[in-house]
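Reading through the structure tokens given below for one structure.
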Amino acid sequence: EAQVTQNPRYLITVTGKKLTVTCSQNMNHEYMSWYRQDPGLGLRQIYYSMNVEVTDKGDVPEGYKVSRKEKRNFPLILESPSPNQTSLYFCASSLLGGAGGYTFGSGTRLTVV
Amino acid sequence: AQSVTQPDIHITVSEGASLELRCNYSYGATPYLFWYVQSPGQGLQLLLKYFSGDTLVQGIKGFEAEFKRSQSSFNLRKPSVHWSDAAEYFCAVGAKGGSYIPTFGRGTSLIVHP
């Protein structure tokens with residue numbers, strides 16, 4: 001089944017403790033992206049990647065890192081999480097050019113206390 | 001830069017009634033246009049998309065949308081709403097050609113009364 005898999009689904013952590021949210025897709029998509037979703041703000045793009053070793057900042061990149069060492073994986077790294085990064089995070093992928101639309105993961109609910 | 005406006009934060013309809021969710025976009029040329037649905041606790045699922053050609057596009061779950069260039073709109077419609085349609089709906093616009101970075105609207109929450 002074609003899908004984007006995110007882990008974990010839920011995560012509670014403390015301020016300053018590094019964490020990684022994994023994202024993997026099995027559709028051989030070139031384009032991958034991370035979004036955060038907050039009430040009243042919709043989806044905001046954090047980082048995106050056009051292909052392996054090619055990443056770029058989205059609208060809200062501060063406090064996040066990403067890497068794209070393999071085509072299928074696009075982990076999101078929070079080196080020193082803060083409470084304002086409490087949010088619902090989505091990973092998505094598409095063919096380059098986006099004609100097929102995005103396939104989204106099921107989301108990761110992150111709480112930073 | 002492209003942008004998307006969904007003017008309605010919440011829409012309430014009765015089951016069986018018709019539905020129209022509004023979406024207006026801003027972009028210099030003809031864009032890619034999408035509607036996504038997000039059920040509670042789930043990721044976003046693609047409902048339908050418009051690239052070119054027929055301005056009335058059919059999607060999954062009985063939804064359709066009409067692209068109106070003169071109004072810069074891409075409204076989503078359904079003739080008869082079911083209780084299971086209660087969800088958050090997102091309109092998105094993407095630039096044609098080359099790299100594609102979509103912009104999402106803030107979403108419209110659909111509430112369905114029995």
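Structure data summary
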| read-out | value |
| --- | --- |
| Cα-based equivalent ellipsoid of the stretch B:23-62: semi-axis lengths in Å, sorted from largest, via gyration tensor | 22, 14, 7 |
| Most fluctuating residue given options B:LEU21, B:LEU44, B:LEU76, as computed from a GNM of chain B linking Cα atoms under 10 Å | B:LEU44 |
| In Å², nearest 10: area of B:GLU88 left accessible to a 1.4 Å probe | 50 Å² |
| Euclidean distance between Cα centres, the stretch B:31-69 to the stretch A:29-58, Å | 20 Å |
| Among B:LYS68, B:LYS78, B:LYS49, residue whose mean-square fluctuation peaks in a GNM of chain B (springs only between Cα atoms under 10 Å) | B:LYS68 |
| Residue of A:ILE77, A:ILE12, A:ILE46 that the Gaussian network model of chain A assigns the largest fluctuation, springs spanning Cα pairs under 10 Å | A:ILE12 |
| The stretch A:14-56: projected area of the alpha-carbon convex hull, averaged over directions, in nm² | 4.5 nm² |
| In Å², nearest 10: area of B:HIS10 left accessible to a 1.4 Å probe | 120 Å² |
| Tail beyond 16 Å, pair distance distribution of chain A (Cα, percent) | 55 percent |
| Rg/Rh ratio calculated on Cα atoms of the protein assembly as shown (Kirkwood radius) | 0.97 |
| Solvent-accessible area of A:LEU41 with every protein chain in place, 1.4 Å probe, in Å² to the nearest 10 | 70 Å² |
| Environment charge of A:ASP56, counting only residues whose C-beta is closer than 13 Å and scoring Lys/Arg +1, Asp/Glu -1 | +1 |
| Estimated inter-spin distance, A:GLN3 and B:GLU64, nm [label 7 Å along Cα→Cβ] | 3.3 nm |
| Relative contact order, percent, chain A [alpha-carbon distance under 8 Å, six or more residues apart] | 36 percent |
| Semi-axis lengths (Å, descending) of the ellipsoid that matches the C-alpha gyration tensor of the stretch B:1-83 | 22, 14, 13 |
| Cα-only radius of gyration and Dmax that characterise the stretch B:36-101, units Å | 13.0, 40 |
| Set of lysines near A:LYS57 by C-alpha distance (under 29 Å), chain-local residues within fewer than 8 positions excluded | A:LYS17, A:LYS18, A:LYS65, A:LYS69, A:LYS71, B:LYS49, B:LYS96 |
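The values are calculated or read from the model by the stated rules, or taken from the named source; none is laboratory data. From a predicted model like this one, the values you see are computed outputs, not experimental measurements. Positions of Cβ are backbone-derived with ideal geometry, glycine not excepted, and every protein chain shown enters the neighbour counts. The protein model used for the area step is the full one, side chains on, heavy atoms only, and it has no ligands, DNA or RNA in it. Shrake-Rupley method; radii C 1.70, N 1.55, O 1.52, S 1.80 Å.
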